[in-house]
Amino acid sequence: GPGAPRGRKRQRYVEKDGKCNVQHGNVRETYRYLTDIFTTLVDLKWRFSLLIFILAYALTWLFFGLIWWVIAYSRGDLEHLGDHTWTPCVNNLNGFVSAFLFSIETETTIGYGHRVITDTCPEGIVLLLLQAILGSMVNAFMVGCMFVKISQPNKRAETLVFSSHAVVSLRDDRLCLMFRVGDLRDSHIVEASIRAKLIQSKQTQEGEFIPLDQTDLSVGFETGDDRLFLVSPLIISHEIDERSPFWDVSRGQLERDDFEIVVILEGMVEATGMTCQARSSYLADEVLWGHRFTPLLSLEEGFYEVDYGGFHHTVPVPTPACSARQLAAAAARRDAHLYWSIPSRLDEAAAAGGEG
């Protein structure tokens, strides 16, 4: 539950590299995977994809080779092998192996010119048409699958990095939860946007237990600050205000708490125009209270230099240990004291003047 002891290692919902630790069990309607066969093939692991790729071609060649052999056998071509007066369906086809080779030549349009179809067998011409059309379809489907699999944008996420820790510290007298994101490539992520979710089991007032409830952490959706121009590493800040789930969390409670923050960066890959998504997560013990990220940018001769060596580095900074609510209340009290003290001093001055 939310107050689980820290000794037990918490099971991550999302790994640091963005892999989700969720497995789908007991799916009854498996036929749905077959109705969307293209996506199913693209989603397969590489070894299975290559196996299916090889099998698709090998089996069609074998299948059509068998039919070519059946045609030759049923016409009696194989009994008249040395007979020059006999016109076979396919010249120089003398058994199953040569039929298989002829099938490969037909489908791949190689044509070595030794085995040739003649015009005396209509069933062979029909089969030739069928094989040409079906072969093109298998080709289109398999090559399409392979192309999509090779150009999948999820590999672009490998060069998008998130800081290993998130930090909580003051920014302009407000407590903020921050993490850093960077892009290692020179080609940019277009239309980049960032989201953050707090994942924590909770119980409703009605007593319903919601495991791994997802709450949105605002990182600037209202102001448009969630739309990033990601050229150099950026620090993404979630201001802890009264709408934030961390409004009542103090340093002490953070150390006892059990939650996970999932951060999601989405955008289009400039090279291909495909949408990619990079994910990472922070457990409660990966949030450092009272730390700040070290700067990475320095101005060199005619350009800015980013030192990725310090990307994950943080430094401790003086930060109140109380919650954001208590901090806001203290600030309000201070303002109120100032507000009340100004007129009273004016009164004192007026009184002194009157006496004078």
_Which one, Val90, Val42, Val306, has the greatest fluctuation when you compute a Gaussian network model over the chain with C-alpha springs under 10 angstrom?_
Val90
*By how many degrees, 0 to 90 and rounded to 10, does the Cα axis of helix 122-150 deviate from the longest principal axis of the chain?*
20 degrees
*asked:* Over the stretch 58-115, what is the relative contact order in percent, taking alpha-carbon pairs closer than 8 angstrom and at least six residues apart?
replied: 43 percent
*Pick from Val148, Val167, Val269: which residue has the top mean-square fluctuation in a GNM of the chain where Cα pairs under 10 Å get a spring?*
Val148
*What's the angle, to the nearest 10 degrees (0 to 90), between helix 96-108's Cα axis and the longest principal axis of the chain?*
50 degrees
*What are the principal axis extents of the Cα atoms in the stretch 275-331, in Å, biggest first?*
47, 32, 21
_Net length gained if the chain between Gln23 and Leu55 were fully extended (0.36 nm per residue, minus Cα distance)_ = 8.7 nm
*Mind checking the alpha-carbon convex hull of the chain and giving the volume per residue in Å³?*
264 Å³
*Quote the charge dipole size of the chain about the Cα centre in Debye, to the nearest 20; the model charges only the Cβ of Lys and Arg (+1) and of Asp and Glu (-1).*
1000 debye
*Cross-link list Lys19/Lys197; Lys19/Lys45; Lys149/Lys197; Lys9/Lys155: which exceed 22 angstrom alpha carbon to alpha carbon?*
Lys149/Lys197; Lys9/Lys155
*How long is the gain from Ala336 to Asp36 if the chain were fully straight, where each residue apart is worth 0.36 nm and the alpha carbon distance is subtracted?*
101.6 nm
*For the chain, cysteines whose Cβ has no other cysteine Cβ within reach (under 4.7 Å)*: Cys20, Cys145, Cys176, Cys276, Cys322
_Protection proxy ranking of 57-66, 156-165 - average other beta-carbon atoms within 10 Å, highest first_ = 156-165, 57-66
*What accessible area per residue, rounded to a whole number of Å², is obtained for the chain using a probe radius of 1.4 Å?*
62 Å²
_Environment charge at Ile52 (Cβ cut-off 14 Å; Lys +1, Arg +1, Asp -1, Glu -1)_ = +2
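The values are calculated or read from the model by the stated rules, or taken from the named source; none is laboratory data. Please read all numbers here as calculations on a predicted model, not as lab measurements. As a convention, Cβ positions derive from the backbone with ideal geometry for all residues, glycine included, and neighbour counts pool all protein chains shown. These area figures cover heavy atoms from the full protein model, side chains too; ligands, DNA and RNA do not enter into them. Shrake-Rupley method; radii C 1.70, N 1.55, O 1.52, S 1.80 Å.
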